[in-house]
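Okay, structure first, notes after.
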Amino acid sequence: MTSTSSRRRWKYDVFLSFRGPDTRKGITSELYDRLERRGIKTFMDDPDLHVGDSISPELLAAIEESRFAIVMLSPTYASSSWCLDELVKTIQCMKETGLRVMPVFYNVEPCDVRHQRGSFALKRKPRHQADVEVREHEEAYGKTEDKLKAWRAALKEVADLSGWDSNKFRTDRELVEAIVGTIENKVVYKSSSVDKGLVGMDFRVDDLLHNYIYQELDEVRIIGIHGMRGVGKTTFARAFYDDFCQDFEHRCFLPNVRERFKGGGVVSLQKKLLSSILMDKIEYIEDEYAGAAMIQRSLCKTKVLAVIDDVDQLAQLEKLAGSRDWFGPGSRIIITTADNHLLEAHGVDATYNATGLFLKGFLSIYPNFIVNVPTYPSNFF
């Protein structure tokens, strides 16, 4: 897969997907205004103005050029073929370009969206008005069974994502504040390591995200970052972690494993890993074997992001991230090391070769050094 997105190439911070009659004059407009006032560039389409049966190229481009998508799943959302086609494209971009999708279950039950019940039941035999409308879409626009399958799959996938349930908020204003706060935190969040900078940092982080991290989203993936010492693996891993960690409630960046292992052994590292992910200080672990069992028992159902930095012994990995079943579905474990054989022995899913990553300060000392920064054809962007 080729990466087609970069933090520097986003045209919009947020794409709003919604059903006009349900929310346009209410919560969606308020959300749009609040995001714009915070300096968060937001695309808000007007579904009431749609003509014909195909999404416009401008709308497709807006989805592709957005960093986040907020999908407002309201009572009549599934009665609109436009909304459903838009959702299919949004989920496609989530998988292919790294678009981060967050649903809002607005006056609907998440389980109804997931299992397509009630107004989200897409059936050919009408039982209620929403189903009649879906059948009418088929008759008017020639919708096929493949189209219905795509709609159903997209609804199930968006329902499985983390988002907001309006029933858990007292007012729409509280819900809007929660959404804006989360988005602002993600958009404004800056990595100090990015400020220090690696040559080609933007490309590298995007490449890691799209071609290594955004694969098999429901599976546990262990990714290795390999390269010689001094190449900038830790700075790169920190830049990735800072950019991506807001998507994980449970996360840990475990730095300098090689040195810390010498100083306090693996038990201190296990305590740090568990304390950070569980957000509760772990005071006592009997020994490294008890620590490994505790990690597996405590995290096997938890989606986590963990960076295990500068590993130089297989024993360290065996006691910190022994196997995929130690972590819950969707977890991402990133390992940085100078020893590629160690990654092979641990059976990682993929290895990112960090050759060519150099700190900008390195180039000020060696200005004639040739760095392997990727080039693109003129029509790439």
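The values are calculated or read from the model by the stated rules, or taken from the named source; none is laboratory data. From a predicted model like this one, the values you see are computed outputs, not experimental measurements. We place every Cβ from the backbone using ideal geometry, glycine too, and count neighbours over all the protein chains shown. Surface accessibility is based on the protein's heavy atoms, side chains included, excluding ligands, DNA and RNA. Shrake-Rupley method; radii C 1.70, N 1.55, O 1.52, S 1.80 Å.
For the range 226-358, give the percent of accessible area contributed by carbon and sulfur heavy atoms, probe 1.4 Å, rounded to a whole number.
Reported share for carbon and sulfur atoms: 48 percent.
Rounded to the nearest 10 Å², what accessible area does Asp33 have for a 1.4 Å probe in the complete protein model?
70 Å²
Among residues other than Ile282 whose Cβ falls under 11 Å from its Cβ, what is the net charge (Lys/Arg +1, Asp/Glu -1)?
With Lys, Arg at +1 and Asp, Glu at -1, the net is +1.
Leaving ligands, DNA and RNA out of it, rank His341, His115 by accessible area with a 1.4 Å probe, largest first.
Highest to lowest solvent-accessible surface, that is His341, His115.
Net charge within 9 Å of Arg324 by Cβ-Cβ distance, Lys/Arg positive one each and Asp/Glu negative one each, not counting Arg324 itself?
With Lys, Arg at +1 and Asp, Glu at -1, the neighbours total -2.
Protein chains only, probe 1.4 Å: how do Met44, Met279, Met94 rank by accessible area, largest first? The partial results should precede the final answer.
On the way: Met44 55, Met279 120, Met94 15 Å².
Largest accessible area first, the residues go Met279, Met44, Met94.
Structure shown: which of Lys272/Lys303; Lys89/Lys301; Lys233/Lys281; Lys41/Lys147; Lys149/Lys301 lie over 26 Å apart, alpha-carbon to alpha-carbon?
Where the Cα-Cα span goes over 26 Å, the pairs concerned are Lys89/Lys301; Lys233/Lys281; Lys41/Lys147; Lys149/Lys301.
Express in nm, to one decimal, how much length is gained between Asp218 and Glu249 on full extension, taking 0.36 nm for each residue of separation and deducting their alpha carbon distance. It would help to have the intermediate numbers written out before the result.
Numbers: separation 31, 0.36 × 31 = 11.16 nm, distance 1.59 nm.
Length gained between Asp218 and Glu249: 9.6 nm.
Gln296 label point, 7 Å along Cα→Cβ, cut-off 19 Å on backbone N: hits in the range 315-338?
Inside the label zone: 315-333.
Can you give the accessible area of Lys271, probe radius 1.4 Å, in Å² rounded to 10?
Approximately 60 Å² of Lys271 is accessible to the 1.4 Å probe.
Keeping all protein chains in place, calculate the accessible area per residue for the range 239-358 (probe 1.4 angstrom), answer in Å².
Result: 42 Å² per residue.
Estimate the FRET efficiency between Lys156 and Lys281 by the formula 1/(1 + (r/R0)^6), using the beta-carbon distance for r and 35 Å for R0, to the nearest 0.05. Working shown, then result.
Numbers: r = 38 Å, r/R0 = 1.10.
Rounded to the nearest 0.05, the efficiency is 0.35.
Take the Cβ-Cβ distance between Asn340 and Glu96 as r, set R0 to 25 Å, and report the resulting FRET efficiency rounded to the nearest 0.05.
Computed FRET efficiency for Asn340 and Glu96: 0.30.
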